[in-house]
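Each value in this text was obtained by applying a stated rule to the coordinates, not by laboratory testing. Being a predicted model, the structure only gives us computed values, none of them experimental. Here the Cβ positions follow ideal geometry from the backbone for every residue, glycine too, while neighbour counts run over all protein chains shown.
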Amino acid sequence: MEITGRLVADAAVRNIEGDRTVTNFRVAVNRRYVSGGEQREDTTFIDCAYWRSDAVAPYLTKGLLVQLFGHISARPWVSRDGEPMASLNFHTNEITLLGASRKADAAKAKTKTNRKNQAA
């Protein structure tokens, strides 16, 4: 299965059972559709886990557009109000970075501005 979306926060690496690590992140996936002649948009938030390497974590920053390959599962849970809920979990096998994150774009623009000010 393939999903494409933007990271809603920087990835976090957790140690599991001493020598194993997992990189966790959340992706927002937008769906656009027309209802009653009006353009609408829904956003689904999906929790993702990548077990293959934690070396990718520094590159997974808020706002980054990614394409993920893997499989999805739902984990049931009960809210504080006693309502049955479910979380979508994506077990990621492959990550493709599709562009710079907004955070990286902002840093690049700031660097460009600083260079311009230093040259003046």
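Under the 0.36 nm per residue contour assumption, what length would be gained going from the current alpha-carbon distance of ARG80 and ARG32 to full extension?
In short, 14.1 nm is gained.
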Karplus-derived 3J(HN,Hα), 6.51/-1.76/1.60, for each residue of the range 72-89, Hz, glycine and proline x | 10, 9, 10, 10, x, 7, 10, 6, 4, 7, x, 7, x, 10, 8, 10, 8, 10
Going by average Cβ neighbours within 10 Å, how do the peptides 14-24, 60-70, 45-55 rank, with the highest at the top?
-> 60-70, 45-55, 14-24
